[in-house]
Amino acid sequence: MEAYDTDIVIGGGGPAGLTLGAELAERGYDVTVLEQDSVGETTKAWNSSYNELVNALGNPDRSYEENVDWLNESGLVKRHYNKGGLIRSRDAEHEIILNDALTVCVNEHAFLDYFAVKLADNGATVRNGYTFTDVSSDPDAVHIKARDAKGQEQEISARLFIDATGGSSPVARKHNPRPNFSYPVYGGVVSGIEFDADQGIVIDSTCDDGGDGYLWELFPVDEDRAVLWYFKTARDEPYDLEGMRTEFGERRHEFLIEKEPGSFRLEEEKFSNIPMYTDLTLGGNAEFTVAPLDRVFLFGDAAGTTPLTGCGFNTIIHNYRNVAQELDERLREGRTSAYELNTIRPVEGHLNNGSQPFFNMLLSNQLQSNLSRLVDAVAASGTEDHVDRIITTEATMDDYRSLFWGVASKDPSLLIKGVPITEAYPLVRNAARFHAERRRLEAEDQDAA
C-alpha cells in the first residue's frame with residue numbers, strides 16, 4: 001500500500017474547504033488545505049440566519065438563546081436586521097416576507113478565522129499561496145498537482161482529495177460535461193441608493209416571455225452601502241462581462257432608486273458564473289457527478305447546482321457536518337471509489353435558501369398539523385395539479401413557481417420555520433405522507449357529510 005503524504009487534501013480555503021476540513025480534522029484525520037491566496041482573506045460577504053448559524057456553529061449543550069448570545073459576543077455576527085427577507089416576483093406581482101430568512105450579516109473574516117483556528121487546533125496544515133492544477137487517482141491513492149507561491153510544481157498523495165475551489169473548479173470543468181446553462185452574476189458593493197437598511201435581503205425576480213429570467217439580490221452592509229447582485233439565466237447564449245455590465249446599467253433603474261440624480265456608485269466590481277448541470281426539478285436526472293474520479297469529491301460551489309447538490313454559503317454551512325460524517329464512514333471502511341462517493345448527498349434542502357423554503361417546511365415534530373395546513377393552502381390556491389406533477393417528477397419550473405406563490409399567498413408562515421436541521425424534511429421525501437394526509441382529510445369530510 002502506498003505511503004500517503006496526508007490523509008486528506010482540500011483544494012480551497014473558503015467556507016466550503018475550511019468547514020469540512022475542520023470537521024474532518026476534529027475526527028482525527030491528517031488534513032492539508034491548499035489555498036491560492038491566504039486563508040481568512042476575502043472580499044465576499046454573506047447573509048444567513050441565527051437558526052442556520054446556531055446549527056452550524058452552536059454548542060449543543062447550550063440553549064438556542066445562549067448560542068445566539070455567543071454568536072453576537074464572539075464577533076461572528078456583523079449585524080442583525082430587524083426585518084425578514086423580502087422575495088418579490090415582479091412579473092407575477094407576488095410579494096412575501098420570510099421572517100427568519102437571511103436576517104444576519106456574517107462577519108466573513110471572523111467566520112473564516114474561527115474555522116482556521118479549529119483546523120490548527122486539530123493539527124491540520126494550511127498552505128497559503130498554493131494553487132492545485134490537476135488531480136489523478138489510482139486504486140491506492142489520489143495524486144494532487146499544485147503550484148506554490150514561487151511557481152514550483154509539487155505533487156501530494158493522499159487517501160482523498162476534496163475540491164472546494166468554487167465554481168471555476170478545474171476538476172469539474174475537466175471531468176464533467178458542459179453545464180446545461182449558467183447563471184452569470186455581476187455586481188458588488190453599491191452606494192448612493194435608497195434602501196431599507198433594516199431589511200435582511202431583497203430578491204426581486206423577473207421572468208422574460210421566452211422563459212429565461214433575471215433577478216436582483218440586495219442586502220445592506222451598513223446605513224449607506226449595500227451589496228447588489230444581478231443574476232441572469234443564459235441557457236443557450238454564452239455569458240460575457242461586457243454584456244452583463246451593459247444590462248446591469250440598463251436595468252438597474254427598474255430595481256433601484258438613486259438618492260439624487262447621478263449618486264449611484266458601484267464599488268469593488270465583481271463578475272462570476274454559477275454553472276447549472278441539470279434543470280431545477282427535484283426529480284431531474286443530473287449528468288453532473290460529485291465524484292468524477294476515485295478518491296475525489298466535490299463540495300460547495302465546485303459541485304455546481306443539481307437536485308442533489310447546491311451552492312452558496314448557507315448550503316455549505318447547513319451540510320458540512322453531514323458530509324463529513326458520510327466521508328468519515330467511507331474512509332474508515334475503505335469505500336472511496338467514485339461509485340461509493342457518489343452515493344453521498346452533499347446537500348439536503350436548507351431552510352433559508354431563497355428559492356426553496358417552501359420545499360423544506362415539513363417538520364417531524366409538527367408533521368401532521370403542517371400537512372393539514374399544506375393541503376388547505378394547496379386547495380385554496382388551486383395548485384393540486386402542480387403538486388401531482390412535482391411528486392411524479394414531471395414538473396416544470398412553472399409548476400414550482402405556481403405552487404410556491406400559490407401557497408405563499410394563502411399561508412405564508414408555512415414557508416419558514418426556525419427548527420434544528422435534524423427536524424427538517426424536504427417535500428419530496430414526504431410525498432407519500434402528503435397524499436395519505438390528503439386522503440385522510442377527504443375521508444373525514446365524507447364521514448362528516
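Mind checking which residues of the range 44-77 are of a type in the set (D, E, K, R) and farther than 24 Å from Gly166 by Cα?
Asp61, Arg62, Glu65, Glu66, Asp69, Glu73
Scanning the range 69-89 for residues that are in a loop (DSSP other than H, G, I, E, B) and surrounded by 14 or more Cβ atoms within 10 Å (Cβ to Cβ), which turns out modelled with the lowest pLDDT?
Tyr81
Could you please let me know if Glu23 is of a type outside the set (Val, Ile, Thr), surrounded by fewer than 20 Cβ atoms within 10 Å (Cβ to Cβ) and not in a loop (DSSP other than H, G, I, E, B)?
No; evaluated as a whole, the condition is false for this residue.
Being in contact with a helix residue (DSSP H, G or I) (Cβ under 7 Å, 6 or more places away or on another chain), over 28 Å from Phe219 (Cα atoms) and among the aliphatic types (A, V, I, L, M) is the requirement here; does Ala16 meet it?
Answer is no for this residue.
Kindly indicate which of Ala302, Ala324, Ala286 is assigned to a loop (DSSP other than H, G, I, E, B) and either modelled with pLDDT under 90 or hydrophobic (A, V, I, L, M, F, W, C) (or both).
When all the criteria are applied, what remains is Ala286.
Tell me which residues, restricted to the range 34-68, are touching a Ser or Thr at 6+ places or on another chain (Cβ under 7 Å) and either at pLDDT 90 or above or surrounded by fewer than 22 Cβ atoms within 10 Å (Cβ to Cβ) (or both).
Result: Gln36, single match.
Filter the range 204-232 down to the residues that are part of a strand (DSSP E or B) and either among the hydroxyl-bearing types (Ser, Thr, Tyr) or modelled with pLDDT under 80 (or both) and list them by number.
Selection gives Ser205, Thr206, Cys207, Gly213, Tyr214, Tyr230, Lys232.
Please go through the range 107-155 and give me each residue that is closer than 22 Å to Leu53 by Cβ and either of a type in the set (A, V, I, L, M) or in contact with a Lys or Arg (Cβ under 9 Å, 6 or more places away or on another chain) (or both), ordered by number.
Asn107, Glu108, Ala110, Leu112, Ala116, Val117, Leu119, Ala120, Asn122, listed by residue number.
Can you find even one residue in the range 118-139 that is assigned to a strand (DSSP E or B), small (Gly, Ala, Ser) and modelled with pLDDT under 95?
Yes, there is a match, as at least one residue in the range 118-139 is assigned to a strand (DSSP E or B), small (Gly, Ala, Ser) and modelled with pLDDT under 95.
The values are calculated or read from the model by the stated rules, or taken from the named source; none is laboratory data. Owing to the predicted nature of the structure, the values given are computational and were not obtained by experimental measurement. Positions of Cβ are generated from backbone atoms using ideal geometry, with glycine treated the same way; all protein chains shown enter the neighbour counts.
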